[in-house]
Structures are given as C-alpha cells and as structure tokens.
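Have a look at the structure below, then the notes.
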Amino acid sequence: MAKLQALCMKCRDDNNKPTMQDMKEDSIAVTQKGSRFSAKGQCSSCGGNQFKFLGKDDAMKLKDDGASFTEEPAA
Ligand SMILES: [Zn+2]
C-alpha cells in the first residue's frame, strides 16, 4: 500500500512543533466530499489520530491500493 505521511500533533520535535509521521497503512481511511479528498489514520509512531487533505491523484492511488474509501455528499 502507498505510504502516507501526515503531521502528528502528539509527536513533537525539540521545538514543540508537530512532526511528519507515517500513517499506519491499515488505518488509512479516505473520504471524498464533493471534489475534496482527505485521509484519516493513526500515527505509526504513537497511535494518535492523524488527518490530511489529499489531492485527487493521491486519493485515487490509495483507493487503488485498497484503502477504505467513502464518498460523502458535498455540504
Ligand atoms: Zn504520533
């Protein structure tokens, strides 16, 4: 499955800034809302929740790789 990285609010660096961490591959859930795509998952390092907006290409790649995919009506 494609690797996906997102900021983790719990894994912070020495300056107390959130750091980029891999999402657990089997936790990735992609959502399409209208023409916008996002992914939710868990940090592979601390298990905390992660969220990231995706481009369409990345979203489709994850979907093709077998990630959970949900389509919601646009608000
Ligand atoms: Zn983390």
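The values are calculated or read from the model by the stated rules, or taken from the named source; none is laboratory data. This structure is a prediction, so every number in the text was calculated from the model and none was measured. Because the Cβ atoms are built from the backbone with ideal geometry, glycine has one as well, and the counts that use them run over all protein chains shown. For accessibility, only protein heavy atoms count, side chains too; no ligands or nucleic acids. Shrake-Rupley method; radii C 1.70, N 1.55, O 1.52, S 1.80 Å.
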ask   = Cβ-Cβ below 6 Å, separation at least six or inter-chain, first residue in segment 40-65 and in contact (Cβ under 8 Å) with a residue 40 or more places away in the chain, second in a strand (DSSP E or B) and near the ligand (Cβ under 9 Å from one of its atoms): which pairs?
value = 48/8; 48/10; 50/8; 50/43
note = Exception for residue 46 within (1) part of a loop (DSSP other than H, G, I, E, B); (2) open to solvent by 70 Å² or more (accessible area, probe 1.4 Å); (3) in contact with a Lys or Arg (Cβ under 8 Å, 6 or more places away or on another chain) falls at (2)
request  = Keeping to segment 8-39, report how many residues are open to solvent by 80 Å² or more (accessible area, probe 1.4 Å), within 14 Å of the ligand (Cβ to nearest atom) and either part of a strand (DSSP E or B) or touching a Lys or Arg at 6+ places or on another chain (Cβ under 9 Å) (or both).
outcome  = 4
